[in-house]
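J.: Structure below; questions to follow.
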Amino acid sequence: MGLGGGQETSSFVSDFLEKCGGYAVLDGGFATELERHGADLNDPLWSAKCLISSPHLVRRVHLDYLDAGANVIITASYQATIQGFEAKGFSKEEAKALLRKSVEIAIEAREIYYDKLQSRRPVLVAASVGSYGAYLADGSEYSGNYGDAVTVETLKDFHRERVQILANSGADLIAFETTPNKIEAKAYAELLEEEGIDIPAWFSFNSKDGINVVSGDSISECASIADSCKQVVAVGINCTPSRFIHGLVSSIRKVTSKPIVIYPNSGETYDGLTKQWVQSSGAVDEEFADIVIGKWREAGASLFGGCCRTTPNTIRAISRVLSNNKSSAINEDAQMSSKTEM
């Protein structure tokens, strides 16, 4: 479903949501699913390693999420950077090809999925762009502290070529994910404008206190930066414990009328130093899905999925709850119409 490119960015998500019935389902955790299928991701490239070693597993995870009901699948390019691939011995041209490959695999998975169906439900491919901190692989994506030497210009120069490649790769939109501070949000917004990127984008931020992004910058300030960028068609939160989502959605809604995208993690906390997940009281799949309808949708969100440690079962539960809700709304409308005619 190619909604990108020539379509006006201002109506991109609203048109997509209308085709989906009012709400859309994103995919879930990618790296943990790759590991479940046997991938070893103990590498600075993390899930992007599989673009080199096991692209068939990347395709399989995309298909698992499509089978679970996802309307948006996100590419395995979160930690894929030209600089990161070059550090592993690849040439710049090889690195660029691997970035394009991340999108090609997702598009191929969508086509395989469509071939199995009688009809085509809306599915978008979102090209993932992780933060500068994700490239550093030192946990700074969860602190947002890059030091005084890193400026907006530093970040624009770091991201520029990767964004250009992904924007011209055939993806429907770009997902700037796990954005930890306002300086990187500002760099993204300026980069999109300067480079004349003509496909839509969303900015999603992460939080560890439910009030600010992980750097301590105000979520309202960060969301306002996204709101001011004409290429940005949705703003939201990812890689954040679900217990913080409702308050963050409410804060974002105060500064933007753009659709809000929500894909929290399972509730566990990632320790960037030990590179391990710490157990906490995360919601199980059905409870997680009920929260989507009970709180986050009412607060103003319209695109829902999962991030780290969520699974196809999580997405299947979200899809089921949203589908049931849409059916109930249709039935209520029909009953109201019938009463009016009487």
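The values are calculated or read from the model by the stated rules, or taken from the named source; none is laboratory data. Quick caveat: nothing in here was measured; it's all calculated off a predicted structure. Using ideal geometry, Cβ is built from the backbone for each residue, glycine included, and neighbour counts are taken over all protein chains shown. Quick note on the areas: whole protein, heavy atoms, side chains included, nothing else; ligands and nucleic acids left out. Shrake-Rupley method; radii C 1.70, N 1.55, O 1.52, S 1.80 Å.
J.: Mind listing whichever residues of the stretch 59-89 are without any contact (Cβ under 8 Å) to a residue 12 or more places away in the chain and open to solvent by less than 60 Å² (accessible area, probe 1.4 Å)?
T.: First, the residues of the stretch 59-89 that are without any contact (Cβ under 8 Å) to a residue 12 or more places away in the chain: 86, 89.
Within the stretch 59-89, none qualify.
J.: How many residues does the stretch 70-81 contain that are outside any strand (DSSP E or B) and closer than 20 Å to L41 by Cβ?
T.: First, the residues of the stretch 70-81 that are outside any strand (DSSP E or B): 70-71, 75-81.
Within this subset, residues satisfying the condition of being closer than 20 Å to L41 by Cβ are 75-81.
Total satisfying the criteria: 7.
J.: At pLDDT 95 or above, touching a Leu at 6+ places or on another chain (Cβ under 6 Å), among the β-branched types (V, I, T) and not in a helix (DSSP H, G or I), is that true of V255? So that I can check it myself, show each step before the final result.
T.: On the way: at pLDDT 95 or above: yes; touching a Leu at 6+ places or on another chain (Cβ under 6 Å): no; among the β-branched types (V, I, T): yes; not in a helix (DSSP H, G or I): yes.
Answer is no for this residue.
J.: Quick check: is even one residue across the stretch 159-177 open to solvent by 60 Å² or more (accessible area, probe 1.4 Å), closer than 26 Å to I211 by Cβ and without any contact (Cβ under 8 Å) to a residue 40 or more places away in the chain?
T.: no
J.: Condition check: part of a helix (DSSP H, G or I) and not charged (D, E, K, R). Does V163 satisfy that? Working first, answer last.
T.: On the way: part of a helix (DSSP H, G or I): yes; not charged (D, E, K, R): yes.
Answer is yes for this residue.
J.: Also, I was wondering about something else. So which pairs qualify, if the first residue must be in the stretch 246-264 and open to solvent by less than 10 Å² (accessible area, probe 1.4 Å), the second must be polar (S, T, N, Q) and in a helix (DSSP H, G or I), the Cβ gap must be under 6 Å, and the two must be at least 6 apart or on different chains?
T.: P264/S242
J.: Also: So, in the stretch 137-152, of the ones that are among the polar types (S, T, N, Q) and in contact (Cβ under 8 Å) with a residue 40 or more places away in the chain, which residue ends up least open to solvent (accessible area, probe 1.4 Å)? Let's see the steps before the verdict.
T.: Of all residues in the stretch 137-152, those among the polar types (S, T, N, Q) come to 140, 143, 145, 151.
When the remaining residues are screened for being in contact (Cβ under 8 Å) with a residue 40 or more places away in the chain, the result is 140, 143, 145.
On the way: S140: 9, S143: 42, N145: 113 Å².
The residue in question is S140.
J.: Also: Considering only residues that are at pLDDT 95 or above, assigned to a loop (DSSP other than H, G, I, E, B) and either open to solvent by 10 Å² or more (accessible area, probe 1.4 Å) or among the acidic types (D, E) (or both), which ones fall in the stretch 90-136?
T.: F90, S91, P122
J.: Shifting gears a bit: Which residue is least open to solvent (accessible area, probe 1.4 Å), if the candidates are limited to the stretch 10-45 and must be assigned to a loop (DSSP other than H, G, I, E, B) and of a type in the set (F, W, Y)?
T.: Our first condition is that a residue be assigned to a loop (DSSP other than H, G, I, E, B); within the stretch 10-45, this holds for 21-23, 27-30, 37-45.
From the residues that got through so far, the ones that are of a type in the set (F, W, Y) too are 23, 30.
Details: Y23: 53, F30: 29 Å².
My answer is F30.
J.: I'm trying to understand the selection: among the residues of the stretch 109-136, which are in contact (Cβ under 8 Å) with a residue 40 or more places away in the chain and among the charged types (D, E, K, R)? Break it down into steps so the answer makes sense when it comes.
T.: Going through the stretch 109-136, the residues in contact (Cβ under 8 Å) with a residue 40 or more places away in the chain turn out to be 109-110, 112-113, 120-135.
R110, R120, R121, listed by residue number.
J.: Can you name the residue in the stretch 306-318 that is open to solvent by 20 Å² or more (accessible area, probe 1.4 Å) and assigned to a helix (DSSP H, G or I) and, of all such residues, is nearest to I293 (Cα to Cα)?
T.: Applying the filter and picking the extreme gives R316.
J.: Can you name every residue in the stretch 46-58 that is polar (S, T, N, Q) and either in contact with a Ser or Thr (Cβ under 6 Å, 6 or more places away or on another chain) or open to solvent by 20 Å² or more (accessible area, probe 1.4 Å) (or both)?
T.: We begin by selecting, within the stretch 46-58, every residue polar (S, T, N, Q); these are 47, 53-54.
Residue satisfying the conditions is S53 alone.
J.: Of (1) open to solvent by less than 60 Å² (accessible area, probe 1.4 Å); (2) of a type outside the set (A, V, I, L, M); (3) at pLDDT below 95, N181 satisfies all except one. Which?
T.: With (1) open to solvent by less than 60 Å² (accessible area, probe 1.4 Å); (2) of a type outside the set (A, V, I, L, M); (3) at pLDDT below 95 applied to N181, the lone miss is (3).
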